[in-house]
Amino acid sequence: MTNKYCVLPAILAVLGARVSVTARADAKICFPPHFMFGVATAAYQIEGAWNASGKGESIWDRYTHSHPERIFDHRNGDVATDSYHQFKEDVRILAELGVQHYRFSISWPRVLPTGMSNDVNEDGVSYYSRLIDELRANDIEPVVTMYHWDLPQALQDLGGWTNPIIADYFADYAKVLFEHFGDRVKVWFTFNEPLSFCGQGYGGLDAPGSNSSGLEDYMCGHNVLRAHAAAYRMHQALFGGRGALGIVLDFAWMEPATTSKEDQRAAETAREFTFGWFAHPIFSPEGDYPPVMRQRIDAMSKRQNFPRSRLPSFTAAEVQAIRGSADLLGLNHYTTYLVARGSGGVRRQPSFANDMGVLITQKKEWPRSNSTWLRVVPWGFRRALNHVRREYGPPVLVTENGVSSTRGLKDWRRTRYLSAYLRALHAAMADGCRVIGYTCWSLMDNFEWTRGFSERFGLYEVDYESPDRKRTPRMSANYYAKLARTRCLPDSSDFGF
């Protein structure tokens, strides 16, 4: 099939090249001809059908059913936007938007109910196969994330991401995906935001709710990196140069709170602990964990009387396997923080925050969103992208960027956010950042983890009270559709801001 957007050739062509931008003579801000515009979702957040057609239980199924009090509105993703039954409607609105790619995730327990490859659920395979075919029939490139937080509960019962054997189970899962979809999917990401699901899930109170910061979060991250490398090396062996595989990392920009040297060092430490934790082992020339992370956690562990560091160590062979194990970086960015030096104190109870040893805040003057953690700071996006360029330099696909709002179709705040952040992205590309595409979070309202349905990130509003979860385009959808079709920022006056 001929794709009118030539998306995959565009990706492969720029993996080794610089992507430049120019401003047109009429002062419009435009992106290069092969620059990709898309939208993103995740399986647990939209699919529903939590126990239908042979799907196994995930950690988010178990968690939301066992602890509804930990979800803001006490709800769950049992039905969500019902995309399992309504995927054709999803593709219809994708075509309506005119996007070139759709980033979605595959539910591990829908394909392998027990998490292990000896039991493949053919109904689950069929669902994703039909979705992929529907996308390609509409000239939309599928960009697939293998793991977006919904671990099979059966594997969590064995320790989940704290058990080293899970790297092998993930590699088995990846092989099943490559074998069934590798002929039609050319852009893969192994994991979405390991900082989030390791830090907040194993180190905090997201599923599985281990709340073991400074211990299980590091075990999780260690095994995720091993699993990622195993999947990448397998993809190389099976497909060798046909397609691309990377990892999605979240990177909130960490700005020094003052111009003091102490705060500048604190901000750099925060960048290494949050972004470098996973970027440095994969994208740096030397590999392994960032030196400041190794030094601080080793020293803190010793001062807390541990016989060894709480941060595990890679073997020389593992460092080699992980280093260079990505063709591109998927980057999620939403907001910016200010960082100041911490007190330097050592707490008896281990924690990631104590190991990092900094104070993180946001300015009250920065515009708010409908999420307590998300303030609107467009210049931080440009700085984050330039940090990636200077420190590591891989081709970047922006895999998530967006803002939450309340219900309603006249979402000026989101439309203004998109305009401002896309301007910052364009400026970063003019700086020399190799960005090959932009993906808005999200196609439609969805289940936002422990915030339930209280935060709405969708270009399309979802009516959760209607039987078919009706999707209705917001003003931002019209803005984004014009952008995706022209690759130029629409005139803001046309949208009332």
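Testing Glu57 on (1) more than 29 Å from Leu328 (Cα to Cα); (2) in contact with a His (Cβ under 7 Å, 6 or more places away or on another chain), one condition comes back false. Which one is that?
Going through (1) more than 29 Å from Leu328 (Cα to Cα); (2) in contact with a His (Cβ under 7 Å, 6 or more places away or on another chain) one by one, Glu57 breaks only (2).
Applying the selection to segment 174-194, what residues are in a helix (DSSP H, G or I) and either surrounded by fewer than 24 Cβ atoms within 10 Å (Cβ to Cβ) or of a type in the set (Val, Ile, Thr) (or both)?
From segment 174-194, those in a helix (DSSP H, G or I) are 174-181, 194; that's our starting set.
Result: Lys175, Val176, Leu177, Phe178, Glu179, His180, Phe181.
Could you pull out the residue among Arg271, Arg303, Arg265 that is surrounded by 18 or more Cβ atoms within 10 Å (Cβ to Cβ) and at pLDDT 95 or above? Give the derivation first.
On the way: Arg303 fails: surrounded by 18 or more Cβ atoms within 10 Å (Cβ to Cβ); Arg265 fails: surrounded by 18 or more Cβ atoms within 10 Å (Cβ to Cβ).
After applying the criteria, what remains is Arg271.
If a residue must be in a helix (DSSP H, G or I), of a type in the set (Lys, Arg) and under 22 Å from the mean Cα position of the chain (by Cα), how many such residues does segment 99-139 contain?
Step one: list which residues in segment 99-139 are in a helix (DSSP H, G or I), which gives 108-111, 122-137.
If we keep only those that are of a type in the set (Lys, Arg) too, we end up with 110, 130, 136.
Now restrict to residues that are under 22 Å from the mean Cα position of the chain (by Cα): 110.
Of the residues in segment 99-139, 1 are in a helix (DSSP H, G or I), of a type in the set (Lys, Arg) and under 22 Å from the mean Cα position of the chain (by Cα).
Condition check: among the small types (Gly, Ala, Ser) and under 18 Å from Cys220 (Cα atoms). Does Ser343 satisfy that?
Details: among the small types (Gly, Ala, Ser): yes; under 18 Å from Cys220 (Cα atoms): no.
Considered against the rule, which asks whether it is among the small types (Gly, Ala, Ser) and under 18 Å from Cys220 (Cα atoms), Ser343 comes out as no.
Can you name the condition, by its number, that Gly115 falls short on among (1) open to solvent by 10 Å² or more (accessible area, probe 1.4 Å); (2) small (Gly, Ala, Ser); (3) in contact with a strand residue (DSSP E or B) (Cβ under 6 Å, 6 or more places away or on another chain)?
The single condition Gly115 does not satisfy is (1).
For Ala424, are the conditions met, namely being over 15 Å from Tyr337 (Cβ atoms), among the aliphatic types (A, V, I, L, M) and open to solvent by 20 Å² or more (accessible area, probe 1.4 Å)?
Numbers: over 15 Å from Tyr337 (Cβ atoms): yes; among the aliphatic types (A, V, I, L, M): yes; open to solvent by 20 Å² or more (accessible area, probe 1.4 Å): no.
Here the answer is no, as Ala424 does not meet what is asked.
Here is a yes/no grid of residues against (1) under 16 Å from Tyr438 (Cα atoms); (2) free of Cβ contacts under 8 Å to residues at least 12 places away in the same chain; (3) open to solvent by less than 70 Å² (accessible area, probe 1.4 Å); (4) in a helix (DSSP H, G or I):
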{"position": "Phe381", "(1), (2), (3), (4)": "yes, no, yes, yes"}
{"position": "Ala384", "(1), (2), (3), (4)": "yes, no, yes, yes"}
{"position": "Arg390", "(1), (2), (3), (4)": "no, yes, no, yes"}
{"position": "Val398", "(1), (2), (3), (4)": "yes, no, yes, no"}
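If I ask for residues that are in contact with a strand residue (DSSP E or B) (Cβ under 7 Å, 6 or more places away or on another chain) and either in a loop (DSSP other than H, G, I, E, B) or open to solvent by 30 Å² or more (accessible area, probe 1.4 Å) (or both), which ones from segment 233-249 would you list?
As a first pass, look at segment 233-249 and keep what is in contact with a strand residue (DSSP E or B) (Cβ under 7 Å, 6 or more places away or on another chain): 235, 243-249.
Across segment 233-249, the qualifying residue is only Gly243.
If you check Val339 against the conditions, is it within 27 Å of Ala384 (Cβ to Cβ) and either buried (at least 22 other Cβ atoms within 10 Å of the Cβ) or without any contact (Cβ under 8 Å) to a residue 12 or more places away in the chain (or both)?
Working: within 27 Å of Ala384 (Cβ to Cβ): yes; either buried (at least 22 other Cβ atoms within 10 Å of the Cβ) or without any contact (Cβ under 8 Å) to a residue 12 or more places away in the chain (or both): yes.
Considered against the rule, which asks whether it is within 27 Å of Ala384 (Cβ to Cβ) and either buried (at least 22 other Cβ atoms within 10 Å of the Cβ) or without any contact (Cβ under 8 Å) to a residue 12 or more places away in the chain (or both), Val339 comes out as yes.
I'm trying to understand the selection: among the residues of segment 431-487, which are buried (at least 17 other Cβ atoms within 10 Å of the Cβ), among the hydroxyl-bearing types (Ser, Thr, Tyr) and within 22 Å of the chain's Cα centre (by Cα)?
Tyr438, Thr439, Ser442, Thr450, Tyr460, Ser476, Tyr480, listed by residue number.
Being over 27 Å from Thr372 (Cα atoms), of a type outside the set (A, V, I, L, M, F, W, C) and either open to solvent by 50 Å² or more (accessible area, probe 1.4 Å) or touching a Leu at 6+ places or on another chain (Cβ under 9 Å) (or both) is the requirement here; does Pro291 meet it?
Judged against the criteria, Pro291 is a match.
When the residues of segment 137-166 are narrowed to those that are hydrophobic (A, V, I, L, M, F, W, C) and either under 16 Å from Tyr218 (Cα atoms) or at pLDDT below 95 (or both), which ends up surrounded by the most Cβ atoms within 10 Å (Cβ to Cβ)?
Here the answer is Trp161.
Given the structure, is Gly324 open to solvent by 20 Å² or more (accessible area, probe 1.4 Å), touching a residue at least 60 places away in the same chain (Cβ under 8 Å) and not charged (D, E, K, R)? If you could, list the steps in order and put the result at the bottom.
Details: open to solvent by 20 Å² or more (accessible area, probe 1.4 Å): yes; touching a residue at least 60 places away in the same chain (Cβ under 8 Å): no; not charged (D, E, K, R): yes.
No; evaluated as a whole, the condition is false for this residue.
Need pairs with beta-carbon distance below 9 Å; first residue free of Cβ contacts under 8 Å to residues at least 24 places away in the same chain and within segment 257-273, second open to solvent by 30 Å² or more (accessible area, probe 1.4 Å) and part of a loop (DSSP other than H, G, I, E, B); sequence gap 6+ or separate chains.
Gln264/Thr258
Can you pull out every residue in segment 57-84 that is in a loop (DSSP other than H, G, I, E, B), surrounded by fewer than 23 Cβ atoms within 10 Å (Cβ to Cβ) and touching a residue at least 60 places away in the same chain (Cβ under 8 Å)?
Residues of segment 57-84 that are in a loop (DSSP other than H, G, I, E, B), as a first pass: 57, 67, 71-82.
Right, trim to surrounded by fewer than 23 Cβ atoms within 10 Å (Cβ to Cβ) and you get 57, 67, 71-76, 78-79, 82.
Selection gives Glu57, His67, Ile71, Phe72, Asp73, His74, Arg75, Asn76, Val79, Asp82.
Only residues that are part of a loop (DSSP other than H, G, I, E, B), in contact (Cβ under 8 Å) with a residue 24 or more places away in the chain and in contact with a Leu (Cβ under 8 Å, 6 or more places away or on another chain): list them for segment 208-221, please.
Pro208
The values are calculated or read from the model by the stated rules, or taken from the named source; none is laboratory data. Quick caveat: nothing in here was measured; it's all calculated off a predicted structure. Don't worry about glycine lacking a Cβ; one is built from the backbone with ideal geometry, like all the others, and counts go over all protein chains shown. Please note that ligands, DNA and RNA were not included when accessible areas were found on the heavy atoms of the full protein model with its side chains. Shrake-Rupley method; radii C 1.70, N 1.55, O 1.52, S 1.80 Å.
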